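Notes for the one structure printed next.
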Amino acid sequence: MTTIRLETRIEAPLERVFDLARDIGLHARSLAATGEQAIAGRLDGPIELGETVTWRARHFGRWWTLTSRITQLERPTRFEDVQATGPFRSFRHRHTFRSVDGGTVITDDWQHTAPFGPLGRLADRLVLARHMRELLETRNAQLKAEAEAESPQVGRRNT
C-alpha cells in the first residue's frame, strides 16, 4: 500500500475551502490536462455523503474510468472518498480541514494499492506513486487559486 500525505495552506475561510474541495467542476478544471470528466453519479456542484461520481480521464496514454463514493463527511472539517470501482485494487482519500490564522490548511491522506500484484507494485514504485502526488498537488493548486481569488487577502490594508 502506498501512502501520500500533502498539506496545503489556503488564504480563505474554512467553509469556502471545504465546499470548493467537494466541487465536481473544480476537480474537472484542475485536471483538465487529463481530459477528466464526470460521466455518471454526481455531475456538478459539491458532492455529498453517500453520493458517487464516475470519472473518465486519460492517464499513461489510456482512458480510465473510476467511480468513487463519499463514505464520511463532517462539514466543514473532513470528508473521505473511496474507490467503488476502477483501476486501483483500492484507494482511500481522507481530506481534513483546519482553520489557521488567516486561512485554512488542507491535509490530504491518500492511500492506494496498485492492481496486478508484483508487477503493479513495481509500476507503483516507478511511476504511479509520483503521478498520484502530482495530481493531488495540481488539484490543490487549482483549489487554492479559486478559493483565494474570491476571498479578501489576509493582512491587506484598504487605502
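The values are calculated or read from the model by the stated rules, or taken from the named source; none is laboratory data. No experiment lies behind these values; they were computed from the predicted model shown. Cβ atoms come from the backbone with ideal geometry, glycine included; neighbour counts cover every protein chain shown. We work out accessible area using only protein heavy atoms, side chains counted, and drop any ligands, DNA or RNA first. Shrake-Rupley method; radii C 1.70, N 1.55, O 1.52, S 1.80 Å.
For the chain, set up a GNM with springs between Cα atoms under 10 Å and report which of I39, I47, I70 has the largest fluctuation. Among I39, I47, I70, the largest GNM mean-square fluctuation belongs to I39. In loop segments of the range 58-159 as defined by DSSP, the trypsin sites (Lys or Arg not before Pro) with at most 15 further C-beta atoms inside 10 Å of their C-beta are R89, R156, R157.
Share of carbon and sulfur in the accessible area of the range 48-122 stands at 52%, probe radius 1.4 Å.
Charge tally around R78: other residues with Cβ under 15 Å, Lys/Arg +1 each, Asp/Glu -1 each, net -3. Relative to the dominant Cα principal axis of the chain, helix 129-149 is inclined by about 20°. Using a Förster distance of 30 angstrom, determine the FRET efficiency expected from the C-beta separation of E48 and D101, and round it to 0.05. It comes to 0.50. Where only DSSP H runs of four or more residues are counted, the chain gives -8000 deg cm²/dmol as its mean residue ellipticity at 222 nm, each run worth -39500 (n - 2.57). Calculation over all alpha carbon pairs of the chain in 10 angstrom steps from 0 returns a P(r) of 10, 39, 35, 12, 3, 0, 0 percent.
Within the shell defined by Cβ-Cβ distances under 12 Å, the residues around E15 carry a net charge of +2, with Lys and Arg each +1 and Asp and Glu each -1. Measuring with a 1.4 angstrom probe and ignoring ligands and nucleic acids, S68 comes out at about 10 Å² accessible. Note on the chain: GNM, Cα springs under 10 Å; of A38, A149, A114, the largest mean-square fluctuation is that of A149.
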